[in-house]
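Working notes, structure below.
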Amino acid sequence: MHQSRLPKLQVPPLGDTLGRYLGAVAPLLSPEAFAVTKGVVQEFETSGEGEALQRSLLEYAAEKDSFVEEFWDDSYLTPKSSVVLNLNPFFVFETPTLSTHSKDLGDEIGDAGACSSCGAGGGSEDRSRFPSPPRRSANGGIDVYDDNASRPSFYRSPPHKRGDRRSSEPASRRAARDTGRAAVAGKKQARRAASLLYSSLRFASAVRSETLPPDLWRDTPLCMAQYRRLFGAHRKAVENDADEMRVCEDSRHVVVLCKNQFYCFSALHPDGRVGITEEELEEIVLAVQEDAAKANLAKTAANAVGVLTTQTRDDWAVARRRLAAADETNKRYLHLVDTALFVLCLDHTSPCTSAEIAASCLHGSYALEGDVQVGTCTNRWYDKLQLIVFENGAAGVNFEHTWVDGHTVLRFASDVFADVIYRFANHLTSTTGGARGREGMGEVFPPDKQAFSLCDGRSPVKMEWRLPKDMRRDIYFAETRISDLIRQHDVQALEYDTFGKRFITQNKMSPDAFVQMSIVYGYYGLYGDVVAAYEPVLTKAFLKGRTEALRTVTAEVKAFLEAFSNPDTSTKRKMLSLRTAIVSHGRLVKLAAKGKGVDRHLFALLCMAKKKAEEATAEATAAKEAVPNGGDSNGTTPPSPPSQIPALFEDEAWRVLNHVILSTSNCGNPSLRLFGFGPVVRDGFGVGYIIKENQLKLVVTSKNRQTDRFVGKIREFFDTVFHAYSPSQIQGRVRVVAAEGASDESGGYSMWGSFRNKKGDALL
């Protein structure tokens, strides 16, 4: 393994970081405030205060794989707010170009993402019966299952009640039509879910066996440590303390949520190899769908245990403790969910628009029947990696962010998506049925009843929680609070198809920097303010590397904003200012990728200062307790320790820089249609974007700010640049490029996954 040969992330020289810090805060401050900050920084550097912390950090770093890793984990685990909208990001898979890989359904499936309610993109109805799930022997089940758990039997839609007069249509015809629609939606969802499940298991198996090809940046291998924390991991809420992250490294089962009900099945052999076929997975999903359909959705909402994970962390910790104490069965079920490879969420909705799909993957849907929440916001378990599949075949991922960055989950999503396509392509051309899918994903273990209990082990087991009456009250209040949170947020999507990466690079600009400029312009154009903007840059070329913050707003970017929004500025001058800003962004990318940013180093110094302050407080407390009556022999009380937090971290500039109004990330990959996350401050925007060859896709979130107008300003920027570089303006374009001396950074940088392999292909 290359892992042991990766270099450690080095602590940068203090003076270099402080110089870059001044450059980052200068555009955000008034001249008077910046003068104060310069004095504070100089005092921190020359007084010995900064050097003392730097020495402590260097000593700490010498004993760690990464000087920032533990501090960074704590920054995720300490906050007590809900992880929904505040922490967990989401991905939406692109629609497979080869459709849903099942020759017996053929055109009846249609495209993933077609709306079953309005018929958009859907195919004809299929009224055929579902195949029966695998039969079970009398002693059924395998080691991960609770012997008392119930097993769903094969279910067919019940006939309508006699006397149903919803229309003049004969009851028999109406029943056939409704059953047919349910069959089509059920099969579409089951096929997509089974396909994603199967490829996900292959990926997990490759991680377990360490056969997953390493990520590369050109010829440089990247750290693979995060992949061991992707499967079988969960975040455990802890009352009045920081949460804990745990991982079950021998996990081999999957938990399924469908209409607020829980199911479980085993999928991997003890040695980590995949022990189930795609066809069997489809039968499992169909069985779960049919069993879940037996219960009224309004009734299952009262038992929606998953919604408890949306609470504040202390509230969830208390509810979890009470749930486990109520019955030993609940304790076993909590353990099953915690140790599952991941959670599959089968949603009963079919979101149609980009914004609807994005919102559903971010926080689930909101829908009331009377006073009962029947949306999908309760059909989640936010402490784990979740695959989400909708009735219309659209699918996405929602993940707990503490231990894994977007690049890691992107590799997972990308390989899964590619494996689905490759397997289907091989299926079409292979006469032996031996399609292997994406190379490096691992082999499927041959069916072996003795090794895996073929028939018994693949039957889904229903997990029926035993809830005390007051727990249902907790579930209800958890639902009303997450419903409030959903209603307080706005999610908008922009899928701009006038141009994409090709147009930008043809005009010698970095695609990532170009979109960054559109975002800061969008805010400036709407509000006239220059505010803090944040873009994470990957540092996985280092051992245990995560990300470094890139602070988009520089002096050059501020000048661009002022010029671009001034109606008296010529088009040529606007484009020159844009290109200058893009070049400044490229310089920051290079520094950040080398671990030479501002945020992580200063954050580690702040953590060291807090650590020293805590130690000083503990020593002072111990000294007081050691003296009778709290004083010395002369009755003198030991003095309290002075504040150990340097003025640098209490200065206005530090507050402004860390109040991130524009939290942004780039996720460039063909496997994804959309991705996003919630805003990180109350008055901020969260902007996730994907740069495709001929499209620019953004998901923008806010706490009920003017999200649509903000998106409109971004579109306005795109249109303005396109017009400036259109054929009628070609001579001007040539002059601008020549005058600026176009940067060689036109290839751009993708925050999550633009690193490339030896062949120059985008890393998937």
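The values are calculated or read from the model by the stated rules, or taken from the named source; none is laboratory data. Quick caveat, the model's predicted, so the values are computed rather than measured. Using ideal geometry, Cβ is built from the backbone for each residue, glycine included, and neighbour counts are taken over all protein chains shown.
Of all residues in segment 1-31, those satisfying the criterion of being outside any loop (DSSP other than H, G, I, E, B) and at pLDDT below 95 are Gln3, Ser4, Arg5.
So that you can scan it fast, the table gives a plain yes or no per residue for (1) touching an Asp or Glu at 6+ places or on another chain (Cβ under 9 Å); (2) at pLDDT 95 or above; (3) within 22 Å of Leu197 (Cβ to Cβ):
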{"position": "Ala358", "(1), (2), (3)": "no, yes, no"}
{"position": "Arg380", "(1), (2), (3)": "no, yes, yes"}
{"position": "Leu387", "(1), (2), (3)": "no, yes, yes"}
{"position": "Glu400", "(1), (2), (3)": "yes, yes, yes"}
{"position": "Arg411", "(1), (2), (3)": "yes, yes, yes"}
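Specify which of the listed residues (Thr339, Thr277, Thr349, Thr310) is within 24 Å of the chain's Cα centre (by Cα) and within 24 Å of Glu94 (Cα to Cα).
Numbers: Thr339 fails: within 24 Å of Glu94 (Cα to Cα); Thr277 fails: within 24 Å of the chain's Cα centre (by Cα); Thr310 fails: within 24 Å of Glu94 (Cα to Cα).
Checking each option against the conditions leaves just Thr349.
When you scan segment 276-298, do you find a residue that is of a type outside the set (Ser, Thr, Tyr), in the same structural domain as Pro460 (by TED's automatic domain parsing), part of a helix (DSSP H, G or I) and modelled with pLDDT under 95, even just one? Yes, segment 276-298 contains at least one residue that is of a type outside the set (Ser, Thr, Tyr), in the same structural domain as Pro460 (by TED's automatic domain parsing), part of a helix (DSSP H, G or I) and modelled with pLDDT under 95.
Do we have Pro646 as at pLDDT 95 or above and under 21 Å from the mean Cα position of the chain (by Cα) here? The answer is no for Pro646. Against the conditions (1) of a type in the set (A, V, I, L, M, F, W, C); (2) assigned to a helix (DSSP H, G or I); (3) out of contact with any His (no Cβ under 9 Å at 6 or more places or on another chain); (4) modelled with pLDDT of 90 or more, where does Cys455 fall short? Just the number, please. Condition (4) is where Cys455 drops out. Scanning segment 42-58 finds no residues that are surrounded by 20 or more Cβ atoms within 10 Å (Cβ to Cβ), within 23 Å of Leu410 (Cβ to Cβ) and in contact (Cβ under 8 Å) with a residue 60 or more places away in the chain.
For segment 4-13, taking the residues that are in contact with a Phe, Trp or Tyr (Cβ under 9 Å, 6 or more places away or on another chain) and crowded, with 16+ Cβ neighbours inside 10 Å, the one that is farthest from Arg655 (Cα to Cα) is identified as Leu6. Hey, any hits in segment 299-310 for a residue that's over 26 Å from Gly370 (Cβ atoms), crowded, with 24+ Cβ neighbours inside 10 Å and in contact (Cβ under 8 Å) with a residue 12 or more places away in the chain? Within segment 299-310, none of the residues are over 26 Å from Gly370 (Cβ atoms), crowded, with 24+ Cβ neighbours inside 10 Å and in contact (Cβ under 8 Å) with a residue 12 or more places away in the chain. How about segment 675-699: which of its residues are assigned to a strand (DSSP E or B), closer than 17 Å to Asp512 by Cβ and in contact (Cβ under 8 Å) with a residue 60 or more places away in the chain? Of everything in segment 675-699, those that are assigned to a strand (DSSP E or B), closer than 17 Å to Asp512 by Cβ and in contact (Cβ under 8 Å) with a residue 60 or more places away in the chain turn out to be Phe675, Gly676, Val687, Gly688, Tyr689, Ile691, Leu696, Lys697, Leu698, Val699.
A residue that is modelled with pLDDT under 95, touching a strand residue (DSSP E or B) at 6+ places or on another chain (Cβ under 7 Å) and of a type in the set (A, V, I, L, M, F, W, C) occurs somewhere in segment 661-680.
For every residue, the table says whether it meets (1) part of a strand (DSSP E or B); (2) at pLDDT 95 or above; (3) in contact with a Cys (Cβ under 9 Å, 6 or more places away or on another chain).
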| residue | (1), (2), (3) |
| --- | --- |
| Ala190 | no, yes, no |
| Ser205 | no, yes, no |
| His234 | yes, yes, yes |
| Arg246 | yes, yes, no |
| Ser251 | no, yes, no |
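For segment 466-511, the set of residues classified as among the aliphatic types (A, V, I, L, M) and in contact with a Pro (Cβ under 7 Å, 6 or more places away or on another chain) consists of Ile504 only. Taken as a whole, the condition of being aromatic (Phe, Trp, Tyr), surrounded by fewer than 21 Cβ atoms within 10 Å (Cβ to Cβ) and either within 30 Å of Pro221 (Cα to Cα) or touching a residue at least 24 places away in the same chain (Cβ under 8 Å) (or both) applies to Phe603.
Condition (residue is of a type in the set (Ser, Thr, Tyr), modelled with pLDDT of 95 or more and more than 30 Å from Asp315 (Cα to Cα)) applied to segment 32-40: is it met by at least one residue? Checked against the condition, which is being of a type in the set (Ser, Thr, Tyr), modelled with pLDDT of 95 or more and more than 30 Å from Asp315 (Cα to Cα), segment 32-40 yields at least one hit. None of Asp512, Asp529 is within 23 Å of the chain's Cα centre (by Cα), acidic (Asp, Glu), at pLDDT 95 or above and in the same structural domain as Gly586 (by TED's automatic domain parsing) except Asp512.
Taking the numbered list (1) out of contact with any Leu (no Cβ under 8 Å at 6 or more places or on another chain); (2) crowded, with 21+ Cβ neighbours inside 10 Å in turn, Thr547 passes all entries but (1).
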